[in-house]
Amino acid sequence: MKVASMFAGIGGICLGFKQAGFDIVWANEVDNDACKTYRKNLGDHYLIEDDIRNIDPKTLPDFDVLTAGFPCQPFSIAGKQKGFKDKRGNLFFEIAKIIDVKRPKIVFLENVRNLEEHDNGKTFLVIYNTLAQFGYGVRYKVLNAKDYGVPQNRERIFIIGFLDDWQCNNFKYPEAIKSPESIFDIIRTSDKKHPFYYYDDKSPYFQMLSKSIIDKSKIYKLTDYGVRKSKTSICPTLTANMGTFPDRVPIIKDDFGIRKLMPSECLLLQGFPDNFQFQKNISIESAYKQVGNSVCVPLIKFLAEQLKVIMEIK
């Protein structure tokens, strides 16, 4: 079963589908650094690095499933919520162009939870109606990464369109599983990291952090209103602005001091395998941005496995 992936990023959706037994035959991403990471870990013979608006849908190979984690910032409550008025929001219609030409059996879309409520539901209605007009039955549900194998609170909406009515009616979203209860099931606080990641007295936040961060079993985050302590040991949502606002990276207290999570640790909290790596010439800022823009890989795998089941039946 063949997959084409739009807005592929570092390959989180592709990796989840590959782990479920699908074959990735085409992928597209415009960000050069993300493409470097994708190539290092997933290969490059099918990855097209270009603006999707420059690509003729007729040049794409045949495929069964079209996936797209299309830009979420225009719809996110963390952004300005300009929606389709934002040029990134308009990229949804590039998905529609490819659907119109290729008519894949299944369309798999991922975005922020707020997409369903954005602009009083009008944005979601446009997406729903667009798929319906092309003949797709539509299923959608908000799922949280913390229920599918990783200790991160990350809610996302998954919209799936089916050309086959039977597949649409019989598809089941995966049941929640027991996940790690703490980021410290994954992250070791007894390992000393590079000094770059630790806050010291040269940081303008050092005094405030030192007073607030005393519990080694919790995770913290700097906000516009001060230091926020997690109620549990589940990581808050990893966001793309970790790359542009470095003090938005989640913070922990380990055996050696107060520090930010490393990009490699953030990858683990997205469910990427230990051997998934960034290129050496990628900046720290870019690495954080790439992780925040990605997806929870185990959750994608569970969804892909459910799709595979019904596709093999019919």
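Just so it is clear, none of the values below were taken in a lab; they were calculated from the coordinates. No experiment lies behind these values; they were computed from the predicted model shown.
Note down the Stokes-Einstein diffusion coefficient of the range 183-276 in µm²/s, whole number, using a Kirkwood radius over alpha carbon pairs, 37 °C, and 0.692 mPa s. For these conditions, the coefficient is 241 µm²/s. Diffusion coefficient of the range 18-77 by Stokes-Einstein, Kirkwood radius over Cα pairs, 25 °C, 0.890 mPa s: 186 µm²/s. Given H placed 1.01 Å from N in the peptide plane, which residues other than close sequence neighbours of SER5 have an amide H under 5 Å from its amide H? Under 5 Å from the amide H of SER5: TRP26, ALA27, ASN28, THR67. One compactness figure for the chain is 1.01, namely its Cα radius of gyration divided by 2.2 N^0.38 Å.
Taking the longest Cα principal axis of the chain as reference, the axis of helix 32-42 is set at about 80 degrees. Only helices enter the 222 nm calculation for the chain: every DSSP H run of n ≥ 4 contributes -39,500 (n - 2.57), and dividing by all residues gives -8000 deg cm²/dmol, rounded to 500.
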